[in-house]
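Below: one structure, written as structure tokens.
The values are calculated or read from the model by the stated rules, or taken from the named source; none is laboratory data. From a predicted model like this one, the values you see are computed outputs, not experimental measurements. In this analysis, Cβ positions are derived from the backbone assuming ideal geometry, glycine residues included, and neighbour counts consider all displayed protein chains. The accessibility values were calculated without ligands, DNA or RNA, using every heavy atom of the protein model including side chains. Shrake-Rupley method; radii C 1.70, N 1.55, O 1.52, S 1.80 Å.
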Amino acid sequence: MSHPEQIIPHGHILRYNLRERLTHWVAAASYMYLLATGLAFWSPWLFWMAVILGGAPVSRILHPWAGLIFFASVWMMYVMWAPQMKHTDADRKWWAAVRYYSTNQDDKMPPAGRYNAGQKFLFWGFFWSAVALLASGVVLWFPEYIPWNLRFLRYLSILIHPAAALFTIGLFMIHLYMGIFAERGAFGSVIRGDVSIAFAKRYHPGWYDEIVGESSSPRK
Amino acid sequence: MSQATLRVQKISGHAGSVPGEDTQREFTVCKLIDTTTCIGCKACEVACVEWNDLPFGETVFDNTYQTMPQTRWNYWNLILFNEHEREDGSLMWLMRKNQCMHCADPGCLAACPADGAIVQYTNGIVDFQQANCIGCGYCITGCPFDIPKMNPKTHRVFKCTLCTDRVSEGLEPACIKSCPTGCLHFGTKDDMKDLAEKRAKQLREHSNFPNAGVYDPPGVGGTGVIYVLHDASNPEIYGGLPSNPHVPWTVKLWKGPLKWLGNVAMIGGLIGLFVHYLRYGPKAREEEDIGPGGTKT
Ligand code: HEM
Ligand code: SF4
Ligand code: SF4
């Protein structure tokens, strides 16, 4: 099935529609706020970040609310993208060849669809971390209401929350690195929404074929 | 006013050195509570509320002497009443004055992320500084005695200060002053330990309490509040006094290895990505990747 409506002039293809782009930036903005305020409480050496962001008590009040916004946007992504994020045989081949991907030998990579296996891993990593962060975050939000005989919930959350946050920080660093520095063109796709045909062919040939269709040739 | 007794040897959420650490050869102070001579009169409760000028809260009446189940943000000192049946079928009415234990290794302080919200003075008193508190409630999770309590309006935690204002002026805490039976004592930790051991020995040898002993739990490094118990082998019967209190191991893991591991991983990750970029650079830079309007995408 081809999607000619996604082909736009000047050799470009629409990769993310407005809803997808908005969701992405709501998640990104809330995540970065959560990251800064969370890290401020993680380490005394980073406490100044909370001070800059309006003072530590303010950060304490807003962090959980930003968390709810973050979770809502991740949930939206789940609704939009989960079917496309299913692991396939192609993904197993992709992981087997990941050393070529990480050393920029992309011509040796098995073809990827709209999302390659690494992107799928990022998605599920963020999704499940968001679930864990929400569950533990709600306990950290109201520790004074957790009854004494359920205190193990607090003891667990105090570990799970930063551990899950650290995991997402790892994902986040790689995500930023790929999107801004390594894969030129990816950043534009989530701002303007489109990518060049060369970008699509190089990184997501399966997706490119799907959009353009076997028979039709892209308009130049 | 001499601040000598208020030099700080531990600070919560603090980067860098602690001003008063190891600067003083000072006695640590201690409150001794002899549960065997407490009559449950609640004079100490009143003295605490009076001296600390705390607003009254509602009490509950459930046909017992227990007018509230636990200490509150505005009620730092509470007698816990417990009926205990002994093996021979006789009944004991146990009363325990419950308050902050002023742990030598305070879990509240270890858990707190806010600089200076919890301090420990060189005299051993653990004190909350509400002005620096951010209201996160981590201290509630760190404390093995369920002591820090949140004021829902100001979202700051409060607890017994061991009358640090009085102690720094050379006075005893208010509760000590008020006790009519003399079951409360205040002095240096060494003196109080000594007195407590003597009393426990007396109970063992002359009052038919073979298990009498002193409660000064080593799991939190000892406490600035110690008890004489009729049965030191079973502190739980005194309203859930933990028999072997520890700072929760998840709190230790969180503030110790996880913190180090996380910091090393984050810094290592940043360096790794930077070096990767220097080595491999961006993925593709051919002409065909020129974006609309000639911009580089
Ligand atoms: C999903 C909903 C979330 C909720 C309800 C939530 C709630 C909380 C609460 C109540 C705290 C305690 C102190 C504070 O308020 O800062 C906390 C700490 C923290 N949060 Fe979140 N949070 C959420 C998501 C996140 C996310 C996405 C991150 C990602 C970076 C994050 C990172 C942190 C960190 C690093 C801490 C400090 C942990 C520590 O002290 O060791 N949180 N969170
Ligand atoms: S609530 Fe407790 S742990 Fe949090 S800042 Fe205040 S004193 Fe520290
Ligand atoms: S009893 Fe609780 S609040 Fe008091 S010093 Fe120990 S850990 Fe802190």
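Shown for segment B:8-247: the carbon plus sulfur share of the solvent-accessible area, taken with all protein chains present and a 1.4 angstrom probe, equals 51%. Computed from Cα atoms, the angle from the helix B:189-206 axis to the main principal axis of chain B rounds to 50 degrees. The equivalent ellipsoid that matches the C-alpha gyration tensor of segment A:1-60 spans semi-axes of 41, 10, 9 angstrom, in descending order. Cα to Cα, under 14 Å, and not fewer than 8 places away if on the same chain: which aspartates and glutamates meet these conditions relative to B:Lys252? By straight Cα distance, B:Lys252 reaches B:Asp105. Accessible area per residue for segment A:10-212, computed on protein heavy atoms with a 1.4 Å probe, is 47 Å². Cross-link pairs exceeding 18 Å in C-alpha to C-alpha distance, out of A:Lys86/A:Lys120; B:Lys10/B:Lys177; B:Lys149/B:Lys177; B:Lys42/B:Lys177, comprise B:Lys10/B:Lys177; B:Lys149/B:Lys177.
For segment A:79-151, the relative contact order comes to 28 percent (Cα pairs under 8 Å, sequence separation of at least 6). Accessible area ranking (1.4 Å probe, heavy atoms, ligands and nucleic acids excluded), largest first, for A:Leu140, B:Leu94: A:Leu140, B:Leu94.
Once the Cα atoms are used to define both axes, helix A:152-176 deviates from the longest principal axis of chain A by about 30 degrees. Kirkwood-type hydrodynamic radius, segment A:1-148: 18.3 Å, calculated from all non-identical alpha-carbon pairs.
Within chain B, what's the longest stretch lacking GluC sites (Glu not before Pro) that sit in DSSP loops with no more than 16 other Cβ atoms inside 10 Å? It runs B:170-285.
Of the listed residues B:Lys31, B:Lys201, the order by accessible area with a 1.4 Å probe, largest first, is B:Lys201, B:Lys31. Compute log10 of I(q)/I(0) for the protein assembly as shown with the Debye formula, placing one identical point scatterer on every Cα and leaving out solvent, at q = 0.09, 0.10, 0.13 Å⁻¹, to two decimals. Debye curve over Cα of the protein assembly as shown, log10 I(q)/I(0) at q = 0.09, 0.10, 0.13 Å⁻¹: -0.74, -0.84, -1.19.
Classify chain B: rounded, prolate or oblate, from the alpha-carbon gyration tensor (a ≥ b ≥ c, eigenvalue square roots; a/c under 1.5 rounded; otherwise prolate if a/b is larger than b/c)? Cα axes put chain B in the prolate bin.
The mean number of Cβ atoms from other chains found within 10 Å of a Cβ in peptide A:152-158 is 5, as a whole number. Note on surface exposure: B:Lys153, B:Lys189, B:Lys177, B:Lys159 rank B:Lys153, B:Lys177, B:Lys189, B:Lys159 by accessible area, highest first, 1.4 Å probe. Distance between the C-alpha centres of segment B:198-270 and segment B:108-187: 17 Å, rounded to the whole angstrom.
Against chain B, whose longest principal axis comes from its Cα atoms, helix B:257-280 is set at around 0 degrees. Taken across both chains, chains B and A shield about 4200 Å² of accessible surface from a 1.4 Å probe.
Our compactness index for segment B:21-132, the C-alpha radius of gyration over the empirical 2.2 N^0.38 Å, is 1.31. Neighbouring Cβ atoms from other chains, within 10 Å of the Cβ of residues in B:130-143, number 5 on average.
How much accessible area does B:Asp105 have with a 1.4 Å probe, in Å² rounded to the nearest 10? B:Asp105 has an accessible surface of roughly 80 Å² with all protein chains in place.
Each Cα pair under 8 Å and six or more residues apart adds its sequence gap; the mean of these over the residue count of chain A is a relative contact order of 34 percent.
Atom-type composition of the exposed protein surface of segment A:10-212 places 74 percent of the accessible area on carbon and sulfur (1.4 angstrom probe). Spread over its residues, the convex hull of the C-alpha atoms of segment B:173-277 is 153 Å³ per residue.
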